[in-house]
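Quick notes on the structure that follows.
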Amino acid sequence: MRIFVAGATGVVGRVLIPQLIAAGHQVSGISRSSAGMAGLRHQGATAFQGDVYDRDALKQIVVEAAPDVVMQQLTDLSTADSEATDTVRRLGTRNLVEAAKNAGVQRIVAQSLAFGYAPGDAPADESAPLDRDAEEQRRAMVEGVEALEETAAELRDAVLLRYGVLYGPGTWYAPDGPAAAALAGDPAASFLGSVEANDSVVSFVHVRDAARAAVDALEWPSGPVNITDDEPAAAREWVPVYAASLGLPAPRPTSGKLDWARGATNTLARSRGWQPEFPSWRTGFAAQLS
C-alpha cells in the first residue's frame, strides 16, 4: 500500500516508518524541518515539507503523495501543554481528513487514547463511555479525543488506535524524560502525568508496540481498539519498578486515586493478531536502558 503519515517524525512515527517499509509499503511523511525531512529520507520514505496546520498546503501534499491510506500519528510531547495537545488532535486531524477527502482517500488509521474513559471499577474495554462529565481540564482532553475520533470517522474506513500511556525513546517516561527527572527530584520537571505511588491504575504501551499496532491496523475493520499492554497496574506497583530501572529510589506509597484512572483491556487488539513485544511494563521499563 501507499501510506502517508502525519506525525512521521514524532515519537511513534519515527518507529513506525521503518516498520511500514519493512512490511513492503511505500511510505511518505510530512515534516516542518529540513532535518526531519532528511531523517525520513534516510529511513527510506518520501519526505514532504509542510505543517498539518496549513490546510491548503497539506491538501496539495496529500494529492502529490497519492496514498491509499493516511495515518494520523500526531503528538506534541515537547512540553506539558495540554492545550497544544488538544489543538493537534482537533485541528491537525481535521486538516488531515479534509486533505484525504480532497485526494479521494477513504481510509485512515488514527492515534487516540485509552485513558479517556469514564470512571469504573475494572479496566475499560472499547464499549465503555468516554468521560464527558470530567472536571474542566480533563474534559477538554476528552472532548479533543472525541472530536478526533468523530472527524476520522468521516472517512469510509477509520481505525482508531486508543493508545495507553506511551513509554520508550522520546516519551515522557524515557530515561532522559521528565518523569525520570521528577523521580530524581528535579523541581522543573513537567509532564502530563504523575510519579506519585498511589492507587491510580494505568495501562502502558511501548512505542514499538504502538507502531506495530498501526501497521497491523491497515487490515483491521473500522472502530476503536485499545492498544495497551497486558498488565494494567496501580502506580504503587509500577512506580517502584520504574524507579528501580533508572537506579533511583522509589517514592513512598500514598493512598487515594484518580477516579477515572482504571486502565484498559487489550482483548480486542489481541483477538486481531496484535502481539506486543513488551506485554508488560515490567520488562519494557528494563529494556529502555538496553
Exercise. Among the residues of region 13-34, is any at pLDDT below 95 and surrounded by 15 or more Cβ atoms within 10 Å (Cβ to Cβ)?
Worked result: no
Exercise. When region 256-276 is examined, which residues are found to be in contact with a Pro (Cβ under 7 Å, 6 or more places away or on another chain) and surrounded by 14 or more Cβ atoms within 10 Å (Cβ to Cβ)?
Worked result: TRP260, ARG262, GLY263, ALA264, THR265
Problem set entry | Among (1) farther than 24 Å from TRP172 by Cβ; (2) surrounded by fewer than 20 Cβ atoms within 10 Å (Cβ to Cβ) - the single one ILE3 does not satisfy | (2)
Problem set entry | Single unsatisfied condition, GLY120 versus (1) closer than 29 Å to ALA182 by Cβ; (2) crowded, with 17+ Cβ neighbours inside 10 Å; (3) small (Gly, Ala, Ser); (4) modelled with pLDDT of 95 or more | (2)
For this session: Please find, among PRO253, PRO279, PRO249, PRO232, the residue that is surrounded by fewer than 19 Cβ atoms within 10 Å (Cβ to Cβ) and within 19 Å of the chain's Cα centre (by Cα).
Result: PRO279
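Take GLY92 and decide whether it is closer than 20 Å to ALA65 by Cα, without any contact (Cβ under 8 Å) to a residue 12 or more places away in the chain and not aliphatic (A, V, I, L, M).
No; evaluated as a whole, the condition is false for this residue.
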Exercise. Among ASP76, ASP68, which is surrounded by 14 or more Cβ atoms within 10 Å (Cβ to Cβ), among the acidic types (Asp, Glu) and at pLDDT below 95?
Worked result: ASP76
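The values are calculated or read from the model by the stated rules, or taken from the named source; none is laboratory data. Everything numeric here is computed off the predicted structure, so don't read it as measured data. No Cβ is skipped: glycine too gets one built from the backbone with ideal geometry, and neighbour counts run over all protein chains shown.
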